[in-house]
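**Q** I am attaching a structure below and will ask some questions about it afterwards.
The values are calculated or read from the model by the stated rules, or taken from the named source; none is laboratory data. Keep in mind the model is a prediction, meaning the values are calculated, not measured. FYI the Cβ positions are ideal-geometry reconstructions off the backbone, even for glycines, and counts take in every protein chain you see.
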Amino acid sequence: MPYYSEFEKKPVSQLPDGLGIFVTNLYGRDQQSLVQFLPTLRSDSLHHNIVRFKETKIDVKIPKLKKKVSLRIPASRWKKLVKDKTLSKQQTQKLKRLYKEYRNVGAAKRQCWSAPVESKKVSSFASPRTLPNGHSYFHTGVDLRARTGRPIYSPSDGEVIFAEELVVPGKTVVINHGSGILSRYLHLSEFRVAVGDKIQKSEIIGLAGATGRVEAAHLHWEVIWKSTKTNPFLFLKKWNAHCNQNLAYGL
Ligand SMILES: [Zn+2]
């Protein structure tokens with residue numbers, strides 16, 4: 001279980017003010033655990049700032065694969081996907097290397113996050129899927145209803161580290177938010193940012209669309225922490241419990 005060993009080695013990310021607060025969930029086959037580290041105490045000593053952490057563990061059951069949803073992908077599009085299988089695999093490997101490269105680049109701001117589009121969730125994180133060839137997998141993000149052309153906003157400040165059209169994900173943007181936190185946006189119809197752009201929260205990164213392996217237009221949104229796909233809304237909820245707060249033990 002690589003996700004668990006990675007967690008053992010790097011349990012928290014530190015925010016710039018030195019008060020380590022980070023929340024992650026571990027994406028496993030049978031269940032995901034959410035481990036939350038909350039500072040509870042800071043000493044008054046000038047020389048020995050001690051932060052103790054309280055750990056909360058929440059197990060979240062992932063639906064069994066028998067409840068899987070079959071994706072209805074148009075035959076012509078599926079044929080093209082099969083043809084581009086090798087290219088698609090290479091692209092997946094390239095992205096994995098990119099995530100690895102950004103496990104520790106920059107420091108996240110203590111800034112509240114918002115959803116990239118205010119819309120109805122049409123498919124949950126970790127829901128099981130089946131492709132026309134019978135292959136099943138777990139959904140690595142959330143799908144939000146968004147017609148083609150609807151603006152998609154950055155949920156937080158960051159830097160664009162990827163903006164390309166790929167076989168399965170379609171037009172894809174990846175943003176580095178620092179402290180190992182990345183966010184990813186799939187199936188866009190248009191890019192509004194380029195690699196290297198420093199962007200602010202609520203800036204438009206692209207327009208929703210139906211590029212790649214999709215049934216219809218929507219936004220697929222992911223939050224990735226140190227190469228691990230996490231539940232975006234769970235992340236948002238936990239992160240926003242601590243953002244922009246003058247905590248009693250703060251500086
Ligand atoms: Zn999706």
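**Q** Within the stretch 169-186, restricting attention to residues that are over 11 Å from the mean Cα position of the chain (by Cα) and among the polar types (S, T, N, Q), which residue is surrounded by the most Cβ atoms within 10 Å (Cβ to Cβ)?
**A** T172
**Q** Take the residues in the stretch 134-163 that are outside any strand (DSSP E or B) and within 23 Å of L234 (Cβ to Cβ), then tell me which one is farthest from the ligand (Cβ to nearest atom).
**A** By that ranking, first place goes to D157.
**Q** Among the residues of the stretch 104-114, write down those that are out of contact with any strand residue (DSSP E or B) (no Cβ under 9 Å at 6 or more places or on another chain) and modelled with pLDDT of 85 or more.
**A** The one that is out of contact with any strand residue (DSSP E or B) (no Cβ under 9 Å at 6 or more places or on another chain) and modelled with pLDDT of 85 or more: C112.
**Q** Taking only the stretch 115-133 into account, find how many residues are of a type in the set (S, T, N, Q), part of a loop (DSSP other than H, G, I, E, B) and surrounded by 15 or more Cβ atoms within 10 Å (Cβ to Cβ).
**A** Count: 2.
**Q** On to the next question. Taking only the stretch 90-131 into account, find how many residues are of a type outside the set (K, R) and within 16 Å of the ligand (Cβ to nearest atom). Steps first, answer last, please.
**A** Within the stretch 90-131, the first condition is being of a type outside the set (K, R), and the residues that meet it are 90-93, 95, 98-99, 101-102, 104-108, 111-119, 122-128, 130-131.
Remaining after also requiring within 16 Å of the ligand (Cβ to nearest atom): 92, 95, 115-117, 119, 122-128, 130-131.
Residues flagged as of a type outside the set (K, R) and within 16 Å of the ligand (Cβ to nearest atom) within the stretch 90-131 amount to 15.
**Q** Could you list all residues from the stretch 207-227 that are closer than 16 Å to S114 by Cα and surrounded by 23 or more Cβ atoms within 10 Å (Cβ to Cβ)?
**A** L219, H220, W221, V223, I224
**Q** What strands (runs of 3 or more DSSP E) lie completely within the stretch 173-251 and have 1 or more residues being away from the ligand (no atom under 16 Å from the Cβ), of a type in the set (V, I, T) and at pLDDT 95 or above? Steps first, please.
**A** Working: elements: 181-188, 204-207, 218-225, 228-230.
Hits in the stretch 173-251: 204-207.
**Q** Within the stretch 134-147, track down each residue that is exposed (fewer than 15 other Cβ atoms within 10 Å of the Cβ) and at pLDDT 95 or above.
**A** Listed by number, the list holds a single entry, R147.
**Q** Could you figure out which of (1) of a type outside the set (D, E); (2) in contact with a Pro (Cβ under 9 Å, 6 or more places away or on another chain); (3) farther than 19 Å from N231 by Cα; (4) within 16 Å of the ligand (Cβ to nearest atom) isn't true of A75?
**A** Exception for A75: condition (4).
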